[in-house]
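Colleague: Dumping the structure here so I can ask a few things about it.
The values are calculated or read from the model by the stated rules, or taken from the named source; none is laboratory data. Computed from a predicted structure; not experimentally measured. When we count neighbours, we look across all protein chains shown, and the Cβ atoms used for this are built from the backbone with ideal geometry, even at glycine.
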């Protein structure tokens, strides 16, 4: 019999689903005039917010303001067009300031473009290899440590403009920068200090009493008008950049790129790719929580990669998802990626319309805006929360933070991840030692007495669900808790969280459990914790997770947990 040829395997829609842009999904479900109107309003709102930030980030990075604007337009449009989040806004972010500043100082603008090109390629490959699902394993102390360190670096970079110091270029290296500031400390400009302080005060006041207003733009406009009318002796954009902001559309214009230095720039490219990936996915997760969506992490990475390649091709800066602008987009009523695309178009129109007027903006006002961004970025509450965790997590947090500020971001990330891995191995060794003598083989299914209450789920009251965590709740698995509540079409009234087989919880696990309890509280779910061991109890108590309002109580065994759940459902708890 003649053998039939083996059919050629073709990609199925399921295999391609992780890479389908959210825009395609939104349009497939239906997109009406009301949706377009809402997205256009949100896009215009975000464009107004993005305008001063894009210029401030570019100037702080050691380049011209138009580089930041072109990045916000080109990369912002592509991230929304191709990304895996429904409401993500992309563009230049403050997290890149330290690495971009150092790269330009060492390799020039061509070196930065080469590093951005390589980083974009890395992100595309990472997305296609589905690395987006792995990034959730990044330890919380490492992320918080380098984020807080970047915030400190940004603040230090703005001392010159905020104080109006009469000095040359600010050194990139930490000790040299501090020495330069100390040397010129007696050359401050009082009017610059006044403008920076006034800008900060206006933004803080408007965020408190007029939270929907574009506080940063209003503050910068007020500072510019005040400086012009009062004739204040402060440096402006036009004074530092005499060529001004060009009135032109973004075009393909690559300067000389030192491709022969690709090997030297590889660590920088990795840092840019890592920052872009982590920051965009963190922003997407926050956006999911705000709008109730679910992002596609691998599609997001591919979009970030394409956007960074395109940004480099028009002479722009590295780009990623911007958390503050994304949150503004959600609060402004965005319904789809069209809002992000509209934000890029509106921003381009605004720049082409008022580019000559931007030269009057005082650099002290932009410094005040970036100081606020750095303060928000530092996540002091998260930092303090992790400092209440186990000693090992505190060591990882402080080491990553110190290396980010004083040495190098790439070194900080590498050392932080290695320390977290070593800490995990140490803890696992301790767990194995503690677990000696524990029965590792499950009893046979017909041994009802040994099986205990494993089949007690069948006797649960209506409105009660049970979930068991088996194994350590550490950074590599902590984020899975966030998926738990998504499986319920109708949220239960009570949920029994069985932790008897959790030998340890680290700071990332405690943080994830706290976020899980926050979400349960918003959904009106009362949570009962059962079987908490000594180490997890100490960690959760130290990080104040056991006093959460959604916790209905603790139970020593499943029977007690089931009785408490029944009382809650019956309205007696």
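Colleague: Take the residues in region 325-360 that are crowded, with 24+ Cβ neighbours inside 10 Å and part of a loop (DSSP other than H, G, I, E, B); name whichever of them is modelled with the lowest pLDDT.
Modeller: Filtering region 325-360 for residues that are crowded, with 24+ Cβ neighbours inside 10 Å and part of a loop (DSSP other than H, G, I, E, B), the one modelled with the lowest pLDDT comes out as 334.
Colleague: While we're here: Can you tell me which residue among 218, 203, 159, 170 is in contact with a helix residue (DSSP H, G or I) (Cβ under 6 Å, 6 or more places away or on another chain), within 25 Å of residue 354 (Cβ to Cβ) and in the same structural domain as residue 237 (by TED's automatic domain parsing)? Steps first, please.
Modeller: Values: 218 fails: in contact with a helix residue (DSSP H, G or I) (Cβ under 6 Å, 6 or more places away or on another chain); 159 fails: within 25 Å of residue 354 (Cβ to Cβ); 170 fails: within 25 Å of residue 354 (Cβ to Cβ).
Among 218, 203, 159, 170, only 203 is in contact with a helix residue (DSSP H, G or I) (Cβ under 6 Å, 6 or more places away or on another chain), within 25 Å of residue 354 (Cβ to Cβ) and in the same structural domain as residue 237 (by TED's automatic domain parsing).
Colleague: Determine whether region 168-181 contains at least one residue that is crowded, with 24+ Cβ neighbours inside 10 Å and either free of Cβ contacts under 8 Å to residues at least 12 places away in the same chain or under 22 Å from the mean Cα position of the chain (by Cα) (or both). Break it down into steps so the answer makes sense when it comes.
Modeller: Taking region 168-181 and keeping what is crowded, with 24+ Cβ neighbours inside 10 Å, we get none.
Within region 168-181, none of the residues are crowded, with 24+ Cβ neighbours inside 10 Å and either free of Cβ contacts under 8 Å to residues at least 12 places away in the same chain or under 22 Å from the mean Cα position of the chain (by Cα) (or both).
Colleague: Within region 223-245, take every residue that is touching a helix residue (DSSP H, G or I) at 6+ places or on another chain (Cβ under 6 Å) and closer than 19 Å to residue 353 by Cα and give me the one that is modelled with the highest pLDDT.
Modeller: It comes out as 224.
Colleague: Now for a different question. Among the residues of region 44-63, what is the count of those that are under 14 Å from residue 367 (Cα atoms) and either assigned to a helix (DSSP H, G or I) or not assigned by TED's automatic domain parsing to the domain that holds residue 326 (or both)?
Modeller: First, the residues of region 44-63 that are under 14 Å from residue 367 (Cα atoms): 52-62.
Okay, now just the ones that are also either assigned to a helix (DSSP H, G or I) or not assigned by TED's automatic domain parsing to the domain that holds residue 326 (or both), so 52-60.
Here the count works out to 9.
Colleague: Check 200, 237, 193 and return the single one that is under 21 Å from residue 69 (Cβ atoms) and out of contact with any strand residue (DSSP E or B) (no Cβ under 7 Å at 6 or more places or on another chain). Quick ask: steps written out before the conclusion?
Modeller: Working: 200 fails: under 21 Å from residue 69 (Cβ atoms); 193 fails: under 21 Å from residue 69 (Cβ atoms).
One residue alone meets the criteria, 237.
Colleague: Quick one: would you say residue 180 is assigned to a helix (DSSP H, G or I) and in contact with a strand residue (DSSP E or B) (Cβ under 6 Å, 6 or more places away or on another chain)? So that I can check it myself, show each step before the final result.
Modeller: Working: assigned to a helix (DSSP H, G or I): yes; in contact with a strand residue (DSSP E or B) (Cβ under 6 Å, 6 or more places away or on another chain): no.
So residue 180 fails the test.
Colleague: Restricting to region 207-222, give me the number of residues that are under 29 Å from the mean Cα position of the chain (by Cα) and either at pLDDT below 75 or surrounded by 13 or more Cβ atoms within 10 Å (Cβ to Cβ) (or both). I'd like the intermediate steps shown before the answer.
Modeller: The initial filter retains those residues of region 207-222 that are under 29 Å from the mean Cα position of the chain (by Cα), namely 207-221.
When the remaining residues are screened for being either at pLDDT below 75 or surrounded by 13 or more Cβ atoms within 10 Å (Cβ to Cβ) (or both), the result is 207, 213-221.
The number of residues fulfilling the criteria is 10.
Colleague: May I ask you to verify whether residue 195 is at pLDDT 90 or above, crowded, with 24+ Cβ neighbours inside 10 Å and touching a helix residue (DSSP H, G or I) at 6+ places or on another chain (Cβ under 9 Å)? Even if it seems obvious, please write down each step before you answer.
Modeller: Working: at pLDDT 90 or above: yes; crowded, with 24+ Cβ neighbours inside 10 Å: yes; touching a helix residue (DSSP H, G or I) at 6+ places or on another chain (Cβ under 9 Å): yes.
So residue 195 passes the test.
Colleague: Something else about it: Answer yes if at least one residue in region 108-121 is in contact with a strand residue (DSSP E or B) (Cβ under 8 Å, 6 or more places away or on another chain) and either under 24 Å from residue 312 (Cα atoms) or not in a helix (DSSP H, G or I) (or both), and no otherwise.
Modeller: As a first pass, look at region 108-121 and keep what is in contact with a strand residue (DSSP E or B) (Cβ under 8 Å, 6 or more places away or on another chain): none.
There is no residue in region 108-121 that is in contact with a strand residue (DSSP E or B) (Cβ under 8 Å, 6 or more places away or on another chain) and either under 24 Å from residue 312 (Cα atoms) or not in a helix (DSSP H, G or I) (or both).
Results for (1) buried (at least 22 other Cβ atoms within 10 Å of the Cβ); (2) under 24 Å from residue 114 (Cα atoms); (3) touching a strand residue (DSSP E or B) at 6+ places or on another chain (Cβ under 8 Å); (4) in contact (Cβ under 8 Å) with a residue 12 or more places away in the chain, shown as yes or no for each residue.
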site: 19; (1), (2), (3), (4): no, no, no, yes
site: 51; (1), (2), (3), (4): yes, no, no, yes
site: 64; (1), (2), (3), (4): no, yes, no, yes
site: 100; (1), (2), (3), (4): yes, yes, no, yes
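Colleague: For region 307-324, what are the residues that are more than 11 Å from residue 76 (Cα to Cα) and not in a loop (DSSP other than H, G, I, E, B)?
Modeller: 309, 312, 313, 323, 324, listed by residue number.
Colleague: A further question on this structure: What do you reckon, is residue 283 assigned by TED's automatic domain parsing to the domain that holds residue 65, in a helix (DSSP H, G or I) and closer than 20 Å to residue 91 by Cβ? Full working, then the answer.
Modeller: Working: assigned by TED's automatic domain parsing to the domain that holds residue 65: yes; in a helix (DSSP H, G or I): yes; closer than 20 Å to residue 91 by Cβ: yes.
Answer is yes for this residue.
Colleague: Are any of the residues in region 543-558 assigned to a helix (DSSP H, G or I), within 33 Å of the chain's Cα centre (by Cα) and closer than 22 Å to residue 142 by Cβ? Walk me through it before giving the result.
Modeller: From region 543-558, those assigned to a helix (DSSP H, G or I) are 558; that's our starting set.
Restricting the remaining residues to those that are within 33 Å of the chain's Cα centre (by Cα) gives none.
The answer is no, given that none of the residues of region 543-558 is assigned to a helix (DSSP H, G or I), within 33 Å of the chain's Cα centre (by Cα) and closer than 22 Å to residue 142 by Cβ.
Colleague: Checking the structure you have, find out if any residue of region 7-30 is in a loop (DSSP other than H, G, I, E, B), within 23 Å of residue 80 (Cβ to Cβ) and modelled with pLDDT under 90.
Modeller: Taking region 7-30 as the starting set, the residues that turn out to be in a loop (DSSP other than H, G, I, E, B) are 7-12, 20-21, 30.
Going one step further and asking which of them are within 23 Å of residue 80 (Cβ to Cβ), we end up with 20-21, 30.
Subset that is modelled with pLDDT under 90: 20, 30.
The answer is yes; a qualifying residue exists.
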